[in-house]
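Note sheet for the following structure.
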Amino acid sequence: MPGVRRALVDTLVEWGLPEDGELLYALGLIASELVTNAVTHAGAHTPSIVVTLAIGEEGTLELGVSDNCRVFPRQLATSPEATHGRGTAIVDALLAEFGGSLTSERHPHGKTLWAQLPGALS
């Protein structure tokens, strides 16, 4: 996922996000977790995964990850020693820290998860 993360970070810097800021780091990690989740859990169903980055109303940053699997991710109860199963919890915690949210939408061939951060680019 390093290529996706690098492309996202480069685009956000071009859009004016500070290159050394915590928000930029968090967004890179959010993108990485969402794409990793799609590859891990939807990879067998999905010939491709689409990553969308957009600026919504009032500078809301919208990061979407679409795949062809109709099953939505869910948080798993994990032990402190577990090496998997924390992606959704990490994304939720990072978004909450910056006042954002994670939503999902079903489409005819799968789903899109949207990480939204109000005012991130205003």
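The values are calculated or read from the model by the stated rules, or taken from the named source; none is laboratory data. Since the model is a prediction, treat every value here as computed from it, not as a measurement. Please note: Cβ atoms are built from the backbone with ideal geometry, for glycine as well, and neighbour counts cover all protein chains shown.
Of the residues making up the range 54-64, those that are free of Cβ contacts under 8 Å to residues at least 60 places away in the same chain and buried (at least 16 other Cβ atoms within 10 Å of the Cβ) are GLU62, LEU63, GLY64.
Checking each residue in the range 1-45 for being in a loop (DSSP other than H, G, I, E, B) and more than 23 Å from GLY59 (Cβ to Cβ) picks out MET1, GLY43, ALA44, HIS45. Can you find, within the range 96-111, the residue that is nearest to the chain's Cα centre (by Cα) among those that are under 12 Å from VAL50 (Cβ atoms) and surrounded by fewer than 17 Cβ atoms within 10 Å (Cβ to Cβ)? Looking at the filtered set, the residue picked out is HIS107.
Check whether at least one residue in the range 79-94 is in contact with a helix residue (DSSP H, G or I) (Cβ under 9 Å, 6 or more places away or on another chain), among the charged types (D, E, K, R) and at pLDDT below 95, and report yes or no. Yes, that holds for at least one residue. Selection of the range 1-41 for residues being surrounded by fewer than 13 Cβ atoms within 10 Å (Cβ to Cβ), under 17 Å from GLU97 (Cα atoms) and either in contact with a Phe, Trp or Tyr (Cβ under 9 Å, 6 or more places away or on another chain) or touching a residue at least 40 places away in the same chain (Cβ under 8 Å) (or both) yields only GLU22. Looking at (1) in a helix (DSSP H, G or I); (2) surrounded by 11 or more Cβ atoms within 10 Å (Cβ to Cβ); (3) modelled with pLDDT under 95, which is the one condition that is false for GLN75? Of the numbered conditions (1) in a helix (DSSP H, G or I); (2) surrounded by 11 or more Cβ atoms within 10 Å (Cβ to Cβ); (3) modelled with pLDDT under 95, the odd one out for GLN75 is (1).
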